[in-house]
Amino acid sequence: MGTPRLTIREARPAEFEAIGRLAVAAYRSLGPIPEPYEDELLQTALRAAAVPVLVAVDEDGALLGTVTYVPGPGTPYSEHERDDEAGMRVLAVAPSALGRGIGRALAEAVLARARDTGRGGVALYTRPSMTAAHQLYASLGFRRVPDADWQFEPGEWLWGYRLRF
């Protein structure tokens, strides 16, 4: 029967609410989400007003995943990007679509956009518990950057990753 066609494109306003719910479901499948971060995940319209929010959809238009592209430091939603780097936030795949390469396709779309706009690399944060994401990032060429790690609450860490082109 073949693999269903996957399209990566910018999110549409009519999809914002569903994208937020998808992100929350994806993150909840990995464990508890701090309430302030859950609220942030739901705020797709705010993210999309400031930076590109990408989605992966199948041939029927069903949402399968999302990622937020951060054009660089000093822009809304930037975290630890260097002067010539883009960033990636809220990479999430619908739990029902895991294992289909959607996370990889979304991450590759971010890398392509960063290259196409002349960025020298991409930086991101991830939770220590997100082991599947760590494997994906390593397979794409990202390296752990422990000096960029951030303890946002006592005992709660985000790990820094960076890929240089």
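For the stretch 1-59, filtering for residues that are small (Gly, Ala, Ser), at pLDDT 95 or above and touching a helix residue (DSSP H, G or I) at 6+ places or on another chain (Cβ under 8 Å) leaves 8. Filtered by the rule that a residue be over 15 Å from the mean Cα position of the chain (by Cα) and not hydroxyl-bearing (Ser, Thr, Tyr), the stretch 96-120 gives Ala97, Gly99, Arg100, Arg115, Asp116, Gly118, Arg119, Gly120. The lone criterion from (1) at pLDDT below 95; (2) in a strand (DSSP E or B); (3) within 14 Å of the chain's Cα centre (by Cα) left unmet by Gln151 is number (3). Identify all residues within the stretch 146-157 that are touching a residue at least 40 places away in the same chain (Cβ under 8 Å) and hydrophobic (A, V, I, L, M, F, W, C); write none if there are none. Scanning the stretch 146-157 gives Ala148, Trp150. When Pro32, Pro13 are screened for being farther than 25 Å from Gly99 by Cα and either over 13 Å from the mean Cα position of the chain (by Cα) or among the β-branched types (Val, Ile, Thr) (or both), only Pro13 passes.
Restricting the search to the stretch 5-33, which residues are without any contact (Cβ under 8 Å) to a residue 12 or more places away in the chain and surrounded by 14 or more Cβ atoms within 10 Å (Cβ to Cβ)? Once the filter is applied, which keeps residues that are without any contact (Cβ under 8 Å) to a residue 12 or more places away in the chain and surrounded by 14 or more Cβ atoms within 10 Å (Cβ to Cβ), the stretch 5-33 yields only Ile33.
The values are calculated or read from the model by the stated rules, or taken from the named source; none is laboratory data. All values reported here derive from a predicted model rather than from experimental measurement. Methodologically, a virtual Cβ is constructed for each residue, glycine included, from the backbone with ideal geometry; neighbour enumeration extends over all protein chains shown.
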